[in-house]
Amino acid sequence: MLAKQAHHFSMVHGVTDYGRATGDHHAGYYYNLTGHPPDDTFRTQGNDRRPLPTDWPHMGCVVGTKRQGNGKLPDVISLPHKPSKLPFTRPGQFAGRIGMEFDPFFLNGSVEQPLDFNAPTLTLSAGSSPERVHERRALLETLSNMRRELDHDENVRNYSRQQQRAFQLLSASGTAGAFDIKTESASTLARYGGTVNGTSLLMARRLVEAGVPFITVFWKENEAIASRCKSAGGWDTHGSNFACLREYLLPEFDRSLSALLEDLHQRGLMEETLVLVTSEMGRKPQVGDPRSGGRSGAGRDHWTSCMSVLMAGGGVQGGRTHGRTDKHAAYPAEKPVGPEDITKSVYHAMGIDDLNAVDLLGRPYNLLEEGRTLSDLFI
């Protein structure tokens, strides 16, 4: 199904970390979501590294600061989950140093009930009594007025802004309907596949139509296949790589992504919507992960030296490739690309040229100095 949509997308081959990541998921998430290489804390702490307020921001959060939507819905929404399970929350998916007021709003979905989505922030506020809400506002005001270190005061103010935005969303007309995917036709739901990842992409299309500037869909793992694939139930196929791809992962991906591209095109939204399919890493060219029995286990380990990224719409010309790998797809052979280049290309597609920002002390800095736009994809 996706092959039939190839005229809409281009492939970027040879995306590499240049040896700047660690091979762990946390570092890979951070690099590919922010465009900034992970610092030494990722090497010393590995997947124990927690998100920090000084982290570089997720590219979507940068977009949210530069391009506001219609005001009724958040400018940045992530779904159907927040990777990964606590306490191992992946760094890179938050606003970091630009302030938690620009953090994404998260919608939760589940494998068991793929048509049901809920927004924890809004649900919590909706379930609070007027008295409780008043008490929370009073507490936040008290904290803000306390003379503490500057960064703590700023966090309190940012949290207050997040809460205020939640109150506004609850009182705005028409916001709840944007999250009600059950209003879609049976044929549309079937076309997207009826899985939580398929309905998440359908939700993304609805949010595009509603004017949300940036939506991130994080693939939701299916724990029912975790033991088979020696993973959390997703693409981290440490065991039975080829069987897990063929039987579970690729059929769902093929149907849902092709449905999104087809749907955006039919609705006239493709040219104004950039679709990016990326990951935190590729897979090792050598088959046989020691953690799953070596070659007999048919798994593939992490590989950060080379992977591919799909880009469609948003001015990207379809049916093209950028870069080339060696014959083993192990290393870039021509036009290597770093995550910073992908991120810069996203900003270019969004019409964002000004990446200047100001820190808490009023000092100017650039949100992404490294990287170049992959101009040949847009010509």
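The values are calculated or read from the model by the stated rules, or taken from the named source; none is laboratory data. Owing to the predicted nature of the structure, the values given are computational and were not obtained by experimental measurement. Every residue, glycine as well, gets a Cβ built from its backbone with ideal geometry; the counts of neighbours run over all protein chains shown.
When residues of the range 91-111 are filtered for being of a type in the set (Val, Ile, Thr) and not in a loop (DSSP other than H, G, I, E, B), how many remain? Of the residues in the range 91-111, 1 are of a type in the set (Val, Ile, Thr) and not in a loop (DSSP other than H, G, I, E, B). Taking the range 1-90 as the region of interest, the helices (runs of 4 or more DSSP H) fully inside it that hold 3 or more residues being within 13 Å of the chain's Cα centre (by Cα) and closer than 27 Å to residue 354 by Cβ are 25-34, 59-66. Residues that are touching a helix residue (DSSP H, G or I) at 6+ places or on another chain (Cβ under 7 Å) and in a helix (DSSP H, G or I) were ranked within the range 169-186; the one that is modelled with the lowest pLDDT is 170. In the range 197-205, the condition of being in a helix (DSSP H, G or I), at pLDDT 95 or above and hydroxyl-bearing (Ser, Thr, Tyr) is met by at least one residue.
If the condition is being more than 22 Å from residue 220 (Cβ to Cβ) and touching a residue at least 12 places away in the same chain (Cβ under 8 Å), then the range 249-273 contributes 265, 267, 269, 270, 271, 272. Restricting attention to the range 304-334, the residues that are under 23 Å from the mean Cα position of the chain (by Cα) and either of a type in the set (Ser, Thr, Tyr) or modelled with pLDDT under 95 (or both) add up to 4. Contact annotation: residue pairs with Cβ atoms under 9 Å, 6 or more positions apart or on different chains, pairing a residue in the range 333-359 that is on the phi > 0 side of the Ramachandran plot with a partner that is assigned to a loop (DSSP other than H, G, I, E, B) and exposed (fewer than 15 other Cβ atoms within 10 Å of the Cβ), are 351/67. The set of residues in the range 291-330 being surrounded by 14 or more Cβ atoms within 10 Å (Cβ to Cβ) and assigned to a helix (DSSP H, G or I) consists of 292, 297. Against the numbered list (1) in a loop (DSSP other than H, G, I, E, B); (2) farther than 27 Å from residue 314 by Cβ; (3) free of Cβ contacts under 8 Å to residues at least 40 places away in the same chain, residue 246 comes up short only at (1).
For (1) closer than 19 Å to residue 274 by Cβ; (2) hydrophobic (A, V, I, L, M, F, W, C); (3) in contact (Cβ under 8 Å) with a residue 24 or more places away in the chain, each residue gets a yes or a no:
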residue	(1), (2), (3)
32	yes, no, yes
47	no, no, yes
56	no, yes, yes
60	yes, no, yes
66	yes, no, yes
74	yes, no, yes
83	no, no, yes
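Quick grid of which residues meet (1) outside the structural domain of residue 101 (by TED's automatic domain parsing); (2) surrounded by fewer than 16 Cβ atoms within 10 Å (Cβ to Cβ); (3) aromatic (Phe, Trp, Tyr):
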residue: 11; (1), (2), (3): yes, no, no
residue: 14; (1), (2), (3): yes, no, no
residue: 29; (1), (2), (3): yes, no, yes
residue: 35; (1), (2), (3): yes, no, no
residue: 55; (1), (2), (3): no, no, no
residue: 58; (1), (2), (3): no, no, no
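Taken as a whole, the range 254-274 holds no residue that is in contact with a strand residue (DSSP E or B) (Cβ under 8 Å, 6 or more places away or on another chain), of a type in the set (S, T, N, Q) and assigned to a helix (DSSP H, G or I). Selection of the range 1-26 for residues being touching a residue at least 40 places away in the same chain (Cβ under 8 Å) and among the hydrophobic types (A, V, I, L, M, F, W, C) yields 1, 2, 6, 9, 11, 12, 15, 21.
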